[in-house]
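Any read-out appearing in this document is the output of simple, stated calculations on the displayed coordinates, not a laboratory observation. No experiment lies behind these values; they were computed from the predicted model shown. Here Cβ is always computed from backbone atoms with ideal geometry, including for glycine, and neighbour counts include all displayed protein chains.
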Amino acid sequence: MIRTNNYAGGLSNYIVLKEEKEVIFYLHNPYPDCLEIPEIMKHRFPDDYKSIVVSSLDEFKKYGQKV
């Protein structure tokens, strides 16, 4: 499994699980920031990647440990 992290904050707070083709976004308060995710996915990732939004920091960290 290949993982990349970006912990900068806001919508740049995501983990990419390349083998699973998933991008996990951490949004403490998902709305309205979650409305920008489809555009981010369209510009930064291939079409076959899917996005997952989590609002729990603990859950987000668990995804980061999937290496």
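Residues of region 42-67 being small (Gly, Ala, Ser) and touching a residue at least 40 places away in the same chain (Cβ under 8 Å), which ones?
Result: GLY64, single match.
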Being of a type in the set (Gly, Ala, Ser) and in a loop (DSSP other than H, G, I, E, B) is the filter here, so list the residues in region 12-60 that pass it.
SER55, SER56
Return the pair list, or none, for Cβ contacts closer than 8 Å from residues in region 19-41 that are acidic (Asp, Glu) to residues that are in a loop (DSSP other than H, G, I, E, B), at least 6 apart or on different chains.
GLU19/MET1; GLU19/ILE2; GLU20/MET1; GLU22/TYR49; ASP33/LEU27
